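Scroll down for the structure; my scribbles are underneath it.
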Amino acid sequence: MIKQVIKRTGAVVPFNKERITNAIYRAAVAVGGRDRALAERLADQVVAQLERHPDPNYIPTVEEIQDVVEKVLIENGHARTAKAYILYRDERARRRRERARQAARVNDNVPWRKVWESLDWAVEHRLHTVGLLNERIRAGEFADIVREADHAYNDDITCAAELIQERCNEVRIVIVAGPSSSGKTTTTIKLSHLLEKKGLSLVPLTVDNYFYDLEQHPKDEFGDYDYETPQALNLQLINEHLTRLLASEEVRIPFYNFYTGRQHLEHTPMRLQAGQIILIDSLHGLYPDMTASISAEHKFSVYIEPLLQMKGPDGEYVRWTDLRLMRRMVRDAQYRNHDPQLTLEHWHYVRTSELRNIIPYANTTDYVVNSSLPYELPVMKRRLLAHFEHWRVKYRGDPLREDAYNRAERVYRLLSAVADIGEEEEAAIPPDSLLREFIGGSCYTY
């Protein structure tokens, strides 16, 4: 028996056949019908088809139920009612997309409407404070939180794909930009899959291959190389290649060897076929000089950042930069054999470059994706709490590491206040989750 349904938000709620009856009856009224009993019989058929699912624990989504309603109406010869139902369904979807578009518009350097939408979502799902997050975790709702957050993130990407499709006759370059560890890679992959399903052909251009030789990069007083500045890239060559590619010319893309810190010019041939779109995933995709040679109508940009709206134990909102710091620590340790302490010590460079070269251009983007996942806090606690406890002691009183100490102290207090989860709860995170980009176990190849 169907007992629950998954809403578009990802929330699991009790199943109510009456809602199906009402939807069918509303569509019938729109075309002149008013047979309530018939609507109830058709709703019974919808439920019967749903209950034939082979999985005894099957929980249908709202979209799946609506698909079955359309099928039942058509099979029973109610074509006009089915059309009215489909039109109503499309109108509701259009309104949701329009709300998402309005919320994604930006002003200043902060996408305030998107932030408000994120806060509204957090309040609706009882995730706007660490205390409420803990209550839901302790109530055994961790898997529900995962489902709800992933739905919201995936809906954002779907909306971006639809906007790109609407401009497919003029867009030649799609750019996914945002600060470090905001989730650009997973977002780019998901966006690519959606666009390909819509019949668009994308060709990735990896701008990391345009790094200058490492010996030409500036260093700080600790000897750290600055990969975070756009000037570490050969912007002139990027523009030259983009212009030639859009003119259907062949170019030879360089290759940058991160082990040797050397760039090899004219390494890989590349030419666009008719109708193909260049896809760029870059920290500095919004930086004007990166694509200065390409007119605005040929570009569509997506800005991504974890815009989490959750207050910590101190009553202050959790800082987005702290979320990304933890993501980068875990990812670099997982995939790059990089000591998390070095990530913390280097973060001052990351943040300085973001404030100078990334954040100021957030208001130039076409769409904003919120990559925050409330469930990542307990996941990060399992991996990093002991590290931050150590660092807050190690850097206390060290004037040269004041930035590292302040971050370590703040994140330690945050993670200490988050409820614990175990391996069983963490296993609820699906392989296509954005968080898997950082903690491992993803179904995507990075």
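The values are calculated or read from the model by the stated rules, or taken from the named source; none is laboratory data. Just so it is clear, the model here is predicted, and its values are computed rather than measured. As a convention, Cβ positions derive from the backbone with ideal geometry for all residues, glycine included, and neighbour counts pool all protein chains shown.
For the range 361-384, indicate whether the set of residues that are surrounded by fewer than 20 Cβ atoms within 10 Å (Cβ to Cβ), closer than 20 Å to P313 by Cβ and of a type outside the set (S, T, N, Q) is non-empty.
yes
Regarding the range 6-16, can at least one residue be identified that is in contact (Cβ under 8 Å) with a residue 24 or more places away in the chain and in a helix (DSSP H, G or I)?
No, every residue in the range 6-16 fails to be in contact (Cβ under 8 Å) with a residue 24 or more places away in the chain and in a helix (DSSP H, G or I).
Every residue, every condition in (1) in the same structural domain as C159 (by TED's automatic domain parsing); (2) under 37 Å from the mean Cα position of the chain (by Cα); (3) of a type outside the set (D, E), yes or no:
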position	(1), (2), (3)
R8	no, yes, yes
A11	no, yes, yes
P14	no, yes, yes
K17	no, yes, yes
A27	no, yes, yes
V31	no, no, yes
D35	no, no, no
Q49	no, yes, yes
H53	no, yes, yes
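Collect the residues in the range 381-403 that are within 13 Å of L325 (Cβ to Cβ) and modelled with pLDDT under 95, keeping them in residue-number order.
Of everything in the range 381-403, just one residue is within 13 Å of L325 (Cβ to Cβ) and modelled with pLDDT under 95, namely D403.
Quick one: how many residues across the range 259-291 are on the phi < 0 side of the Ramachandran plot and in a strand (DSSP E or B)?
14
What is the number of the single condition among (1) in the same structural domain as I304 (by TED's automatic domain parsing); (2) closer than 24 Å to P230 by Cα; (3) outside any helix (DSSP H, G or I); (4) not basic (K, R) that A428 does not meet?
(2)
Return a yes/no flag: does the range 307-318 have any residue that is free of Cβ contacts under 8 Å to residues at least 60 places away in the same chain and either buried (at least 19 other Cβ atoms within 10 Å of the Cβ) or of a type outside the set (F, W, Y) (or both).
Yes, the conditions are met somewhere in the range 307-318.
Given the residues V31, V12, which is the only one that is in contact with a strand residue (DSSP E or B) (Cβ under 6 Å, 6 or more places away or on another chain) and modelled with pLDDT under 90?
Exactly one of V31, V12 is in contact with a strand residue (DSSP E or B) (Cβ under 6 Å, 6 or more places away or on another chain) and modelled with pLDDT under 90, namely V12.
Would it be correct to say that Y256 is in a loop (DSSP other than H, G, I, E, B), of a type in the set (F, W, Y) and assigned by TED's automatic domain parsing to the domain that holds V171?
Working: in a loop (DSSP other than H, G, I, E, B): no; of a type in the set (F, W, Y): yes; assigned by TED's automatic domain parsing to the domain that holds V171: yes.
No; evaluated as a whole, the condition is false for this residue.
Would you point out which residue out of R167, R147 is surrounded by fewer than 16 Cβ atoms within 10 Å (Cβ to Cβ) and not acidic (D, E)? Can you show your working first?
Working: R147 fails: surrounded by fewer than 16 Cβ atoms within 10 Å (Cβ to Cβ).
Just a single option satisfies the conditions, and that option is R167.
Between a first residue in the range 272-292 that is of a type in the set (S, T, N, Q) and a second residue that is assigned to a strand (DSSP E or B) and at pLDDT below 90, which pairs have beta carbons less than 9 Å apart while being 6 or more apart in sequence or on different chains?
S282/L233
Filtering the range 344-362 down to residues that are within 18 Å of the chain's Cα centre (by Cα) and in a helix (DSSP H, G or I), which residue is farthest from S118 (Cα to Cα)?
Let us first name the residues in the range 344-362 that are within 18 Å of the chain's Cα centre (by Cα), namely 358-359, 362.
Of the ones still in play, those that are also in a helix (DSSP H, G or I) are 359, 362.
Values: I359: 18, A362: 17 Å.
Here the answer is I359.
Given L195, L191, L245, which one is farther than 28 Å from C443 by Cα and either modelled with pLDDT of 95 or more or not in a loop (DSSP other than H, G, I, E, B) (or both)?
None of the others qualify; the one that does is L245.
Among the numbered criteria (1) in contact with a Leu (Cβ under 7 Å, 6 or more places away or on another chain); (2) more than 30 Å from R147 (Cα to Cα); (3) of a type outside the set (F, W, Y); (4) modelled with pLDDT of 95 or more, which single criterion is violated by T364?
Only one criterion is unmet by T364, namely (4).
Here is a yes/no grid of residues against (1) at pLDDT 90 or above; (2) under 19 Å from P111 (Cβ atoms); (3) not acidic (D, E):
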residue	(1), (2), (3)
E240	yes, no, no
V251	yes, no, yes
Y259	no, no, yes
T268	yes, no, yes
L279	yes, no, yes
E297	yes, no, no
L307	yes, yes, yes
L323	yes, yes, yes
Q341	yes, no, yes
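Does Q341 fit the bill of being in a loop (DSSP other than H, G, I, E, B) and either surrounded by 19 or more Cβ atoms within 10 Å (Cβ to Cβ) or touching a residue at least 12 places away in the same chain (Cβ under 8 Å) (or both)?
Values: in a loop (DSSP other than H, G, I, E, B): no; either surrounded by 19 or more Cβ atoms within 10 Å (Cβ to Cβ) or touching a residue at least 12 places away in the same chain (Cβ under 8 Å) (or both): yes.
Against the criterion (in a loop (DSSP other than H, G, I, E, B) and either surrounded by 19 or more Cβ atoms within 10 Å (Cβ to Cβ) or touching a residue at least 12 places away in the same chain (Cβ under 8 Å) (or both)), Q341 does not qualify.
Can you find a residue in the range 206-225 that is at negative phi, in a helix (DSSP H, G or I) and of a type in the set (A, V, I, L, M, F, W, C)? Outline the logic, then answer.
In the first step, residues of the range 206-225 are kept if they are at negative phi; the result is 206-222, 224-225.
Narrowing further to those that are in a helix (DSSP H, G or I): 207-210, 214-216.
From what is left, the residues that are of a type in the set (A, V, I, L, M, F, W, C) are 207, 214.
Yes, that holds for at least one residue.
Find all pairs meeting these conditions: Cβ atoms under 8 angstrom apart; at least six residues apart or on different chains; first residue within the range 320-336 and over 14 Å from R383 (Cα atoms) and of a type in the set (S, T, N, Q); second residue buried (at least 23 other Cβ atoms within 10 Å of the Cβ) and modelled with pLDDT of 90 or more.
So the pair list comes out as T321/P179.
For L132, work out the one condition from (1) at pLDDT 95 or above; (2) closer than 26 Å to P179 by Cβ; (3) surrounded by fewer than 19 Cβ atoms within 10 Å (Cβ to Cβ) it doesn't fulfil.
Every listed condition holds for L132 apart from (2).
Considering the range 173-200 alone, what residues qualify as being surrounded by 19 or more Cβ atoms within 10 Å (Cβ to Cβ) and among the basic types (K, R)?
Once the filter is applied, which keeps residues that are surrounded by 19 or more Cβ atoms within 10 Å (Cβ to Cβ) and among the basic types (K, R), the range 173-200 yields K184, K190.
Identify the residue in the range 402-446 that is in contact (Cβ under 8 Å) with a residue 24 or more places away in the chain, farther than 13 Å from M380 by Cα and among the polar types (S, T, N, Q) and, among all such residues, is surrounded by the most Cβ atoms within 10 Å (Cβ to Cβ).
Top of the filtered list is S433.
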